[in-house]
Structures are given as C-alpha cells and as structure tokens.
Amino acid sequence: MGISDDAKNKAEELKGRGKEAAGGLTDNQDLKQEGQGDQASAHGKQKIADAADAVKGKVDDIKDKLTGKS
C-alpha cells in the first residue's frame, strides 16, 4: 500500500482513541466500544497493508531474478 493508506489508518486509530477516551470520560460505553472498534479496524487494515507490501516486495524480487536484474 502507500503512505496515504498508512496516514488514513493512523487517523482512524487516533479517531478511535479519541472516541474511547470520550466514552470513558462521559461513562458512555457505546462510544467507548465504538472507539475500540475503530482502533481494531485500523490495526487490521494496517496489518493487511503491511502484508501486501511484503508480498509485492517478494514478487518484485522474483521478477528481478527471472529477468536477470538482480
């Protein structure tokens, strides 16, 4: 993935932290859980993006070896 995806995931995580904190301060369990869900979603998306980047890197390495560019 790209830098913009990383930034979006970080923004979603921060938004989730804010919701969780606000829910904790106002004793609003729904808001707190929504914030935790946002954070989990952001972490999951980041893990997928990291895995996709790793796979792309390996594919590029294999292509380079097959075409003699290594």
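GNM, the chain, Cα, under 10 Å: largest mean-square fluctuation among Glu34, Glu20, Glu12?
Glu34
Using only Cα atoms, locate the centre of region 1-26 and the centre of region 36-59, then give the distance between them in Å, rounded to an integer.
15
Based on the alpha-carbon gyration tensor of region 1-41 and its eigenvalue square roots a ≥ b ≥ c, which shape applies: rounded if a/c is under 1.5, prolate if not and a/b is larger than b/c, or oblate?
Details: a/c = 5.78, a/b = 2.90, b/c = 1.99.
It comes out prolate by the Cα gyration axes.
Which value at 222 nm does the chain reach when only helices count, each DSSP H run of 4 or more adding -39,500 (n - 2.57), with the total divided by all residues and rounded to the nearest 500 deg cm²/dmol?
-32000 deg cm²/dmol
Using every pair of alpha-carbon atoms in region 3-67, split the distances into 5 Å bins beginning at 0 and state the percent of pairs per bin, rounded to integers.
In whole percents, the pair-distance histogram is 4, 19, 17, 15, 12, 9, 8, 5, 4, 3, 2, 1, 0.
With θ set to phi - 60°, apply the Karplus curve 6.51 cos²θ - 1.76 cosθ + 1.60 along region 50-61 and write out the HN-Hα couplings as whole Hz, x wherever there is a Gly or Pro.
Result, rounded to whole Hz: 5, 5, 4, 5, 5, 5, 4, x, 5, 4, 4, 4.
Taking the chain as the reference, fit the longest principal axis to its C-alpha atoms, fit the long axis of helix 3-25 to the helix C-alpha atoms, and give the angle between the two in degrees, 0 to 90, nearest 10.
20
All of the numbers you see were taken from the coordinates with simple rules; none came from a lab. Remember, predicted model here, so these are calculated numbers, not experimental data.
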